[in-house]
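Enquirer: Here you go, one structure.
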Amino acid sequence: MATKPNAEFFDGRSAHSHLAHVSFDGRNLTIARDGETSIIWRADEVELVAGGKPGQALRLKQRGDHGSRLTLPEGDLADNILNSQRHIRHGHRNRFFRGAAVALGTVAVLFGIGYSVLAYAPQALAGLIPDRVVNSFADGLEKSVIKSSKRCDNPAGQDALNKIARRIVSGAANPPTFSLRVFDIRQAGSKKLVNAFALPGGRMVFSAGLIDDAQSADEVAGVLAHELGHVALRHPEAAIVRVYGLQMLLSLFSAGQGAETLSSLAGVLAVLRYSRAAEAEADEYAVKVLNAAQVDPKGLQTFFARLLKKSMPGLSPKASNDDSTLGARLKPLTDMFSTHPGTESRIESIKPRPGGTQPPVLTPTEWAALKNICQ
């Protein structure tokens, strides 16, 4: 090499860099080394590795060559290359945007994967939650639902309710473990809430308003079978996975600022309000066990239909099947359909049992005792 070295070249093959003389004619960079054939890089194929501002050292590479690197000290040659090759001069900015795009893309992919798992596999994950965690969530949710409501546990009424539960369980091949209690839950203005909840850990809560509103033991049996379906299919635990998992995702991708705890009323409803698919699954389970227990599913149908009519008076069949109309007209927290979304098509899919209920679920005396469970 006849001329004095003015650069450092790393060929990507040996472990050390080599001194080199670099010349630039406006179109090509010629890299000359002692005892080696000169290497020519086309200027329009050269990319910035480091530097990129006048007065700075310049580190370059050839596009597509991931091994070799050329380092030019600060000076006229480096500045000349920068000034004549705009793509090199703005390489640091391009690197920033490329890096930002990769980072954002990675975050989006990770969030999408996490959200997909929470959206489509919560029931599979629900069985992995330890019992102590499930019970802890259930305690908090139960307190949020019940608050200071009076428990209705008139012995005769409780016995009648237990008799209905035993009848329903007799139709289940593998019934889940559950508990069932009635509370006099009131809304603002002391109006009784008409609702039933399946909570995590197999806890079922009936409101006194639901018992009051029911017109037959078959209706109570139908609602009980429906809630038992939620318990058996782990819908409450799946809701916990979905809601809390989404909060964890939001916290992870927003530095802890994107999620609130489920102590709020909205959080409680997020857990208790199941999807239409989950409601349909619970309906299917209920119809199956009701028929096996020789109880007419028509009781569940008439109960839901009456509540739907009360919730949305004058609703046409077409409107009731429109999700946006249904969601807009439901009255939050006033009845069972605020946490159990339903349409006429879902209600109509429940078919009566030929021959009805045989034998009756309760005697007239037992039915009267159940209606007075809060007395």
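Enquirer: Pick from Lys53, Lys61: which is open to solvent by less than 50 Å² (accessible area, probe 1.4 Å) and of a type in the set (Lys, Arg)? It would help to see each step written out before you state the result.
Expert: Values: Lys53 fails: open to solvent by less than 50 Å² (accessible area, probe 1.4 Å).
Within the list Lys53, Lys61, the selection yields Lys61.
Enquirer: What number of residues in region 364-375 are more than 15 Å from Pro155 (Cβ to Cβ) and open to solvent by less than 60 Å² (accessible area, probe 1.4 Å)?
Expert: Summing the residues that are more than 15 Å from Pro155 (Cβ to Cβ) and open to solvent by less than 60 Å² (accessible area, probe 1.4 Å) in region 364-375 gives 1.
Enquirer: Of the conditions (1) open to solvent by 10 Å² or more (accessible area, probe 1.4 Å); (2) closer than 26 Å to Val295 by Cβ, Ala198 satisfies every one except a single condition; which number is it?
Expert: The number of the failed condition is (1).
Enquirer: Then there is this: Hey, which of the helices (runs of 4 or more DSSP H) in region 266-375, taking only ones fully inside, have at least 1 residues that are of a type in the set (Val, Ile, Thr) and at pLDDT below 55?
Expert: Answer list for region 266-375: 323-329.
Enquirer: Hey, could you check region 27-50 for residues that are closer than 18 Å to Lys4 by Cβ and of a type in the set (S, T, N, Q) and say which is surrounded by the fewest Cβ atoms within 10 Å (Cβ to Cβ)?
Expert: Ser38
Enquirer: If Pro155 meets every condition in (1) touching a Lys or Arg at 6+ places or on another chain (Cβ under 9 Å); (2) open to solvent by 60 Å² or more (accessible area, probe 1.4 Å) apart from one, which number is that one?
Expert: (1)
Enquirer: Out of all the residues in region 166-213, which are in contact with a helix residue (DSSP H, G or I) (Cβ under 6 Å, 6 or more places away or on another chain), at pLDDT 90 or above and either outside any strand (DSSP E or B) or more than 22 Å from Asp139 (Cβ to Cβ) (or both)?
Expert: Correct list: Ile168, Gly171, Ala172, Pro175, Pro176, Thr177, Phe178, Gly202.
The values are calculated or read from the model by the stated rules, or taken from the named source; none is laboratory data. Model, not experiment: these values are computed from the prediction. A quick note on method: Cβ atoms are made from the backbone with ideal geometry, for glycine too, and the neighbour counts reach across all protein chains shown. With ligands, DNA and RNA removed, areas are computed over all heavy atoms of the protein, side chains included. Shrake-Rupley method; radii C 1.70, N 1.55, O 1.52, S 1.80 Å.
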